[in-house]
Amino acid sequence: MQKAWQKNFRILWFGSFITDMGNAMTLPFVVLFIDTLGDFSQTQLNFFRSGSFFSDLFNEGFCFTTLGALG
């Protein structure tokens, strides 16, 4: 029989994997969506594109460490 922490680890790993797959499939299209929001220069578009990637990865890292500390 599995220990409780092993079962929880497998469930959390699966949830993290599915979430990362969803981000990998949708995040490239967010960049195209930002381009349709207005008349931006190339520099502004690059800034917003990098911001969208940064915010996703920053929030993921923040949530993982916070929930890990709580666990």
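Laboratory data are not the source of any read-out in this text; all were calculated from the coordinates shown. Note that the structure is a prediction, hence the values are computed from the model and not measured. Note that each Cβ is placed from the backbone with ideal geometry, even for glycine, and that neighbours are counted across all protein chains shown.
Only one of the listed residues (THR36, THR26, THR66) is without any contact (Cβ under 8 Å) to a residue 24 or more places away in the chain, exposed (fewer than 10 other Cβ atoms within 10 Å of the Cβ) and among the polar types (S, T, N, Q). That residue is THR36. Just so you know, in the range 39-63 the residues that are of a type in the set (Phe, Trp, Tyr) and assigned to a helix (DSSP H, G or I) include one that is surrounded by the most Cβ atoms within 10 Å (Cβ to Cβ), and it is PHE48.
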